[in-house]
Amino acid sequence: MRNIGAIFGKEMKSYFVSPIAYVVIAVFLVISGYFFYGMLSSFVQLCIRANLQAHYYRMAPPKLNVNEWVIRPLFHNLSVIGIFMLPLITMRLYSEEKRSGTIELLLTSPITRVETLLGKFLAALALYGIMIGATLLHQVFLFGYGNPEGGPVLSGYIGLLLEGAAFLSVGLLISSLTKNQIIAAVGSFGAFLILWAIGWLADSTGPGLGKVLSSLSLIEHFDNFSKGIIDTGDLIFYLSFIFLGLFLTYRSVESERWR
Amino acid sequence: MIEVENLTKYYGSQMAIEDVNFTVEKGEILGFLGPNAAGKTTTMRILTCYMPATKGTARVAGYDVFEDSLQVRRRIGYLPENPPLYNDMSVSSYLGFVSRIKGIESNQRAKRVEEVMERCSITEVKDRVIGKLSKGYKQRVGLAQALIHDPEVLILDEPTVGLDPKQIIEVRELIKSLGGDHTVVVSSHILPEVSMTCQRVVIINEGKVVAEDTPENLTAKLKGSESIYLEVEGPQEEILQALKGVKGILEVKAEPKDGRSAFYLESELKKDIRRELSSLIVGKGWGLYEIRSRGMSLEEIFLHLTTKEEEV
Ligand SMILES: Nc1ncnc2c1ncn2[C@@H]1O[C@H](COP(=O)(O)OP(=O)(O)OP(=O)(O)O)[C@@H](O)[C@H]1O
Ligand SMILES: [Mg+2]
């Protein structure tokens with residue numbers, strides 16, 4: 001446990017010493033803020049138009065749901081923007097240790113490989129958590145000026161965290177395969193896009209294969225969370241995906257030594 | 001303290017070391033000598049549990065490096081060929097991190113970091129970023145990292161590479177001061193280095209141990225002859241014939257030098273024939289200007305060993 005903390009602390013420090021953490025958080029906030037603003041203003045216009053119409057026809061104004069019109073699409077946007085940001089979080093975790101030779105320090109110190117792995121994973125997850133946590137700012141506006149349901153917001157964040165963790169475990173795996181952090185970043189980005197888009201293929205293939213493919217898509221499982229539904233199937237999917245990613249990373253670090 | 005038995009390592013199908021055997025006693029400083037690609041780093045990486053051997057066993061402090069890897073890693077300090085440094089950290093925070101992963105109790109850490117910085121003379125750069133230090137300072141930070149948990153066993157892979165002469169002397173002094181309390185293995189491809197710091201030397205070449213002894217004994221043991229240098233005034237051909245007649249002489253070479261003749265003699269090992277030689281020369285009425293034993297420097301042994309391997 002102590003050793004996980006040591007690795008975690010080291011990685012967090014390195015995120016914030018190199019400007020990676022600030023850049024990732026700032027860019028994420030700007031882009032998500034831009035989308036948020038766009039969605040919010042079109043929602044406001046929609047409300048105004050609906051109210052005018054209702055007034056014209058002398059009917060009661062319709063109740064438009066902010067959850068459905070703003071929050072749900074916002075979560076989808078955040079998860080897509082995340083795909084662009086997450087490779088930057090994981091790219092150097094192992095590849096840089098391999099390039100600089102510090103992996104020799106880690107592997108010959110009295111800490112286990114699992115501890116190193118978990119320390120790194122948790123640090124990446126923490127930075128990601130800070131990144132999506134920063135978007136709570138957007139929600140503050142919604143809760144301040146409207147009355148959205150809290151449940152779907154909470155479940156949306158849980159979903160974002162799980163989905164991001166799954167991506168991070170893949171990014172960590174790819175980082176452990178190369179000495180070059182640029183290759184790690186590009187490779188992770190490609191893998192994320194495939195994992196994201198695999199569901200699209202599902203529509204064009206037959207019903208049998210299509211179902212398998214869409215159930216593999218990381219985004220597909222996110223949909224329920226953004227609607228406010230926490231399904232045990234989705235939970236199990238994400239958790240086993242994360243476990244598999246971490247396990248393969250462990251094996252990859254381990255097999256390096258045998259070559 | 002360290003026992004290595006039949007250690008063999010293949011990278012894929014390429015042999016790096018084969019049937020390496022040696023032991024190191026507690027408190028001893030062992031020199032691990034070999035030319036490039038001899039397998040020094042490979043052996044050290046196996047000893048430090050960085051990678052497993054293909055065959056054979058190695059034990060450190062009685063623990064197998066493969067079976068009881070964690071126990072071994074607790075007891076070993078390792079300076080790899082390239083010091084494992086995080087360039088964006090400051091010296092003191094780097095050592096703080098290392099002290100944590102080496103399992104030093106939290107109330108001891110600050111004290112240990114101070115001590116080890118003192119010992120490696122890096123206190124004055126403790127707040128500098130490692131990436132901006134000079135090569136010599138980086139090497140010393142690497143050494144501090146290996147010493148921080150006061151390990152029983154130290155494995156140092158070419159610790160003086162890239163240092164200036166003054167720093168080399170300092171590091172050698174440091175290594176010498178470690179003997180006794182610590183068991184040290186130092187690798188090098190520079191002979192004077194190991195003969196100066198080590199009590200015993202293992203010479204490795206192309207993955208195999210070719211010699212193991214004290215620096216002094218190696219000199220006597222490895223070559224079957226001793227060299228003598230003679231400078232005589234007189235008829236060269238006649239002297240040459242007379243010298244060839246002396247018992248125990250294996251080979252004589254002559255060359256003119258400043259109007260006199262220089263002779264390079266190889267005699268049987270552990271047999272000093274200088275007395276016989278001088279009486280022979282003086283008895284014949286030639287002028288003896290110089291006579292001395294050339295012994296054998298480690299450097300020559302080393303060249304001898306490595307060239308011999310290549311000839312096969
Ligand atoms: N990771 C590796 N993959 C494949 N071959 C390797 C690897 N590391 C070392 N070798 C090979 O194993 C042999 C021994 O290498 P090693 O690094 O142990 O030599 P060394 O004695 O440390 O040499 P140097 O003095 O140059 O550091 C060399 O032939 C080298 O090419
Ligand atoms: Mg080497």
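The values are calculated or read from the model by the stated rules, or taken from the named source; none is laboratory data. Predicted model only: the values in this text are computed from it and were never measured. Neighbour counts are summed over all protein chains in view; Cβ atoms, including those assigned to glycine, are modelled from backbone coordinates with ideal geometry. Protein only, heavy atoms only, side chains kept; ligands, DNA and RNA dropped before computing areas. Shrake-Rupley method; radii C 1.70, N 1.55, O 1.52, S 1.80 Å.
Being within 14 Å of chain B (Cβ to nearest Cβ), open to solvent by 60 Å² or more (accessible area, probe 1.4 Å) and farther than 29 Å from A:Y157 by Cβ holds for only one residue in A:R99, A:R58, A:R113, and it is A:R99.
Determine whether A:S79 is within 14 Å of chain B (Cβ to nearest Cβ) and among the polar types (S, T, N, Q). No; evaluated as a whole, the condition is false for this residue. Within the range B:69-79, no residue satisfies the criterion of being touching a Ser or Thr at 6+ places or on another chain (Cβ under 7 Å), assigned to a helix (DSSP H, G or I) and either hydrophobic (A, V, I, L, M, F, W, C) or more than 7 Å from chain A (Cβ to nearest Cβ) (or both).
Conditions (1) farther than 21 Å from B:T183 by Cα; (2) within 13 Å of ligand 1 (Cβ to nearest atom); (3) at pLDDT 90 or above, marked per residue:
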residue	(1), (2), (3)
B:S13	yes, yes, no
B:T23	no, no, yes
B:E28	no, no, yes
B:L33	no, yes, no
B:N36	yes, yes, no
B:T41	no, yes, yes
B:C49	no, no, yes
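Screening B:N82 against (1) outside any helix (DSSP H, G or I); (2) touching a Ser or Thr at 6+ places or on another chain (Cβ under 6 Å); (3) within 14 Å of chain A (Cβ to nearest Cβ); (4) open to solvent by 10 Å² or more (accessible area, probe 1.4 Å) leaves a single unmet condition, (2). Just so you know, in the range A:1-18 the residues that are surrounded by fewer than 15 Cβ atoms within 10 Å (Cβ to Cβ) and either at pLDDT 90 or above or within 11 Å of chain B (Cβ to nearest Cβ) (or both) include one that is farthest from A:L160 (Cα to Cα), and it is A:R2.
Return yes or no: is A:K63 surrounded by fewer than 19 Cβ atoms within 10 Å (Cβ to Cβ), under 30 Å from A:G33 (Cβ atoms) and either within 14 Å of chain B (Cβ to nearest Cβ) or not β-branched (V, I, T) (or both)? Yes.
For every residue, the table says whether it meets (1) part of a loop (DSSP other than H, G, I, E, B); (2) open to solvent by 40 Å² or more (accessible area, probe 1.4 Å); (3) not small (G, A, S).
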position	(1), (2), (3)
A:A191	no, no, no
A:G199	no, no, no
A:S215	no, yes, no
A:L218	yes, no, yes
A:F222	no, no, yes
A:F225	no, no, yes
A:I229	yes, yes, yes
A:I236	no, yes, yes
A:L246	no, no, yes
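Residues in the range B:13-49 that are among the small types (G, A, S) and either buried (at least 24 other Cβ atoms within 10 Å of the Cβ) or within 16 Å of ligand 2 (Cβ to nearest atom) (or both): B:A16, B:G31, B:G34, B:A37, B:A38, B:G39. Determine whether A:P148 is within 14 Å of another protein chain (Cβ to nearest Cβ), open to solvent by 10 Å² or more (accessible area, probe 1.4 Å) and at pLDDT below 95. Criteria not met by A:P148. Among all residue pairs at least 6 apart or on different chains, which show Cβ distances below 9 Å where the first residue, located in the range B:271-289, is loosely packed, with under 15 Cβ neighbours inside 10 Å and the second is of a type in the set (S, T, N, Q) and part of a helix (DSSP H, G or I)? So the pair list comes out empty. Checked against (1) more than 16 Å from ligand 1 (Cβ to nearest atom); (2) of a type outside the set (A, V, I, L, M); (3) at the interface with another protein chain (Cβ under 8 Å from one of its Cβ atoms), B:Y63 passes all but a single condition, namely (3). So in the range B:106-163, with the set limited to residues that are within 13 Å of chain A (Cβ to nearest Cβ) and without any contact (Cβ under 8 Å) to a residue 24 or more places away in the chain, which one is nearest to ligand 1 (Cβ to nearest atom)? Among those that are within 13 Å of chain A (Cβ to nearest Cβ) and without any contact (Cβ under 8 Å) to a residue 24 or more places away in the chain, it is B:R109.
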